[in-house]
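The structure appears below as structure tokens.
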Amino acid sequence: MKVMAHRGYSGKYPENTMLAFEEAAKTGADGIELDVQLTKDGQVVVIHDERIDRTTDGSGWVKDYTYEELKKFNAARVKGDQFGFQPIPSFEEYCVWAKNQSLFTNVELKTSIIYYPEIEEKTIALIRKYGLEDRIILSSFNNASIVLCRQSDETIAGGFLVEKYVDNAGVYARTCYVQYYHPNLEYLKEEHVRSCSQNGIGLNVWPLIEEEDMRRMKKWGVNSIITNYPDRGRAVADED
Ligand code: G3P
Ligand code: CA
């Protein structure tokens, strides 16, 4: 079972910042999950919400700021004042860093609340620029975004994120030529795991917090767990 750090090591560090990604790598995580949105000037940026209010010291919509404006806000604010200043990373900045790591990355395209035209192409262009194609899984709750990505570049893996569940998850992913199913732990049943395994689809399950749930996922044979605590995940994954 692989361990993916959800928004980086977000249990301890400010989510979706380079600090959280670097600290996740230090725990021995196999991969990092992050979220991307698009700025006013069409830059792919790493941030979970469509607005910057919850995680930074600013206010307003990501889509209404240029990247030059956006990077002046402090994304460490989500954890109070203990981590100084951490800017919102551009996805390109992340790729430059990831190129020299052995980690894989799950890039979640946030296209369900706001649909950002061409975010799929822009994200793929950066992945190709840094030669990361074989270490990326693209995912989205807007499953059409992933179908578009797969049509645009079949060398990059895709995953369908679902809020609850799809009963015939394996058939759903396979018939759309997508390799992974990303279910919410709360609604995951063993029959979904069976459906995926029968159809050659890997499961990347989120959000994992408790070690007993991590152990259950390991027993069920999932591909990876997506957790805010990659240190816990690493320890469970390495247990005999
Ligand atoms: O990709 C799994 C998980 O990150 C999806 O939910 O809201 O944390 O982006 P959210
Ligand atoms: Ca996410």
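The values are calculated or read from the model by the stated rules, or taken from the named source; none is laboratory data. Here the structure is a predicted model, which means the values were calculated and not measured. Positions of Cβ are generated from backbone atoms using ideal geometry, with glycine treated the same way; all protein chains shown enter the neighbour counts.
Only one entry in His192, His182 is crowded, with 20+ Cβ neighbours inside 10 Å and farther than 25 Å from Asp134 by Cα, namely His192.
Just one of Leu185, Leu208, Leu132, Leu138 is modelled with pLDDT of 95 or more and out of contact with any Leu (no Cβ under 7 Å at 6 or more places or on another chain); which is it? Leu132 is the lone residue from the list that is modelled with pLDDT of 95 or more and out of contact with any Leu (no Cβ under 7 Å at 6 or more places or on another chain).
When Pro14 is tested against (1) crowded, with 24+ Cβ neighbours inside 10 Å; (2) closer than 25 Å to Glu120 by Cα, exactly one condition is not met: (2). Residues of region 76-118 that are in contact with a helix residue (DSSP H, G or I) (Cβ under 9 Å, 6 or more places away or on another chain), of a type outside the set (D, E, K, R), away from ligand 2 (no atom under 16 Å from the Cβ) and part of a helix (DSSP H, G or I): Ala76, Cys95, Trp97, Ala98.
Out of contact with any helix residue (DSSP H, G or I) (no Cβ under 9 Å at 6 or more places or on another chain) and either assigned to a loop (DSSP other than H, G, I, E, B) or modelled with pLDDT under 95 (or both): is that true of Phe73 in this structure? Taking the combined requirement at face value, the residue satisfies it.
Close Cβ contacts (under 8 Å, 6 or more residues apart or on different chains) running from residues in region 35-58 that are outside any loop (DSSP other than H, G, I, E, B) to residues that are basic (Lys, Arg) comprise Asp35/Arg7; Asp35/Lys110; Val36/Lys110; Gln37/Lys63; Gln37/Lys110; Leu38/Lys63; Leu38/Lys122; Val44/Lys122.
Condition first: more than 16 Å from ligand 2 (Cβ to nearest atom), acidic (Asp, Glu) and more than 26 Å from Ile136 (Cα to Cα). Can you find one or more residues in region 39-55 that meet it? Yes. Run down Gly31, Gly60 and say which single residue is on the phi > 0 side of the Ramachandran plot and either within 16 Å of ligand 2 (Cβ to nearest atom) or among the small types (Gly, Ala, Ser) (or both). Just one listed residue meets the conditions, Gly60.
Conditions (1) under 22 Å from Glu120 (Cα atoms); (2) over 17 Å from the mean Cα position of the chain (by Cα), marked per residue:
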| residue | (1), (2) |
| --- | --- |
| Ile156 | yes, no |
| Val162 | yes, no |
| Tyr177 | yes, yes |
| Met214 | no, yes |
| Lys218 | no, yes |
| Arg234 | no, yes |
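When restricted to residues that are assigned to a loop (DSSP other than H, G, I, E, B) and more than 18 Å from Ser112 (Cβ to Cβ), region 146-196 contains 10. Between Asp81, Asp57, the distinction of being at pLDDT below 95 and away from ligand 1 (no atom under 16 Å from the Cβ) belongs to Asp81 only. Residues in region 197-217 that are outside any helix (DSSP H, G or I) and farther than 19 Å from Met4 by Cα: Asn199, Gly200.
All told, Asn199 falls short of being surrounded by fewer than 23 Cβ atoms within 10 Å (Cβ to Cβ) and within 16 Å of ligand 1 (Cβ to nearest atom). Of the residues making up region 1-32, just one is part of a loop (DSSP other than H, G, I, E, B), within 15 Å of ligand 1 (Cβ to nearest atom) and of a type in the set (A, V, I, L, M, F, W, C), namely Ala29. Taking the condition touching a residue at least 12 places away in the same chain (Cβ under 8 Å), over 16 Å from Val205 (Cα atoms) and surrounded by fewer than 21 Cβ atoms within 10 Å (Cβ to Cβ), does Thr111 pass? It is false that Thr111 is touching a residue at least 12 places away in the same chain (Cβ under 8 Å), over 16 Å from Val205 (Cα atoms) and surrounded by fewer than 21 Cβ atoms within 10 Å (Cβ to Cβ).
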